[in-house]
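> The structure's right below; bear with me while I get my questions together.
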Amino acid sequence: MTIIHTPRPTIAAASTPVATIHKVTGNIIVVRSGEPSIAPARRLTERVATACAAVYVRVRWVSDVDRLEYLMADRSNSGFLVRRFGSTGDWTSPDVEAYANEDHLQRVIAATPGHVPGVSADALTVREFSTSAGPADVCIVDLDGSITVVECKLASNSERRRMVIGQVLDYASAICVEGESWFSQEWARQGGLDLRALGDSSLGQLGHNIEFGRVHLCLVVDRIDADLRRLVEYLNRITRDEIRVTALQLAYARHGNLEFLVPSAYGAELAAAKAKTAGAPRNTTTWTKESFLDAIGSDDDRRRAHSLFVLQESLDDSRGDHDDFWFGASPNGSIFFHPYGYRYPPMSLWINKSGELMTYGSWGYFRHIARHEGFAGLAELLGQDRLGPATGRRVSDLDIDAFWAAVLRCAVEIND
């Protein structure tokens, strides 16, 4: 099934734009709508495309005297056909129906990052961003401090399915291991726009995203196939709820001086669904001390949390430049404690679904200090092993003074 999107010949100035199915011929549906708004036609084609499992095209308007009708064939063909608007002649193939090479695809993404799912049109980009694992095709920093690593592959590249997943994971892990200072220096060295333009809040969030390994992944191809969809679905299933894994198909053609780009994303809805299932909607707010205390289910736990906040804030000895706390997203995020202003926090507090105050040791969060021997005392107090996974422990089961003393010793040892 193919859907053709064409303009109406005339437009009533005061009328509301309406979309209609103008003609059905064989397996072709022609949809017409009025300019300047094509929203009604878009909605109609979306309904028809969904019903017929077809690919539809959104029209980009050109001059009144030089319009082209164009269509994108069904998924089995994945090609474009064009002709002059108003012509009754045959549909013909455009001059160019494919990217020249993967560099061409990279340039498109770097120039228009808004095509990447979850990324704004104003995001900052660097191509061939150098990491210890090799150059990432495109690295994107959005205005909120979020990071997306993009790997581009053409269907003609036999590595597309076998290696692209490993590559993008390797680049993301390298960014997290190297850290915020290295990232900023490398970004500037490769000609990226000054990250300080993001503002203090977003720049701080960028640092936390690197520190905590929150790097989104996007695989950009000229054609998504069943194998790539399966891989994206699996990665969304096994990765953390706040990590977005997507694939973007950017079909491309050029005819004369007009270029056609048809984006089709896969995985964004899966990433949103897992965040929703975990109770972490996309538009989240960060905890404050006040909102965190209010969310705790019992007065006793609230007093325990308040005591820990006071103990942290009463430390006069500053040995680093980190804030006392790092506040995660509510309602499911954690608050990490940074005694003495150290970079690496020994533990965090969070609230479980029953409203109970919980704590986690941090020996599994940060690659540079993963399972550091300095966690041994804290892990023992929590009844756990620093060489194993950290699990939640009710703060009500702990002696606050002994717990805090272990936290301070751990902070010194893991940051030494």
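> How would 289, 153, 353 line up from fewest to most surrounding beta-carbon atoms within 10 angstrom?
Fewest to most other Cβ atoms nearby, the residues stand as 353, 289, 153.
> Calculate the translational D of segment 108-182 in whole µm² s⁻¹ from Stokes-Einstein, where the hydrodynamic radius comes from the Kirkwood formula applied to all Cα pairs, the temperature is 4 °C and the viscosity 1.567 mPa s.
Values: Rh = 12.9 Å.
In µm²/s, the coefficient is 101.
> Give me the percent relative contact order of segment 285-414, please, defined on Cα pairs under 8 angstrom at least 6 residues apart.
22 percent
> A follow-up question, please. Label segment 337-387 by shape, choosing from rounded, prolate and oblate, from the square roots a ≥ b ≥ c of the eigenvalues of the Cα gyration tensor; if a/c is under 1.5 it is rounded, and otherwise prolate applies when a/b is larger than b/c, oblate when it is not.
Numbers: a/c = 2.00, a/b = 1.37, b/c = 1.46.
Cα axes put segment 337-387 in the oblate bin.
> A follow-up question, please. At residue 87 and residue 200, where each label point lies 7 Å from the Cα along Cα→Cβ, what is the point-to-point distance in nanometres?
The answer from the label model is 6.0 nm.
> Over segment 122-193, calculate the relative contact order: mean separation of alpha carbon pairs under 8 Å at least 6 apart, over the residue count, as a percent.
Across segment 122-193, relative contact order equals 31 percent.
A short reminder: the numbers here are calculations on the coordinates, not readings from a lab. In this text the structure is predicted, and so the values were computed from the model without any measurement. Note: ideal-geometry Cβ built from the backbone for every residue, glycine included; neighbour counts use all protein chains shown.
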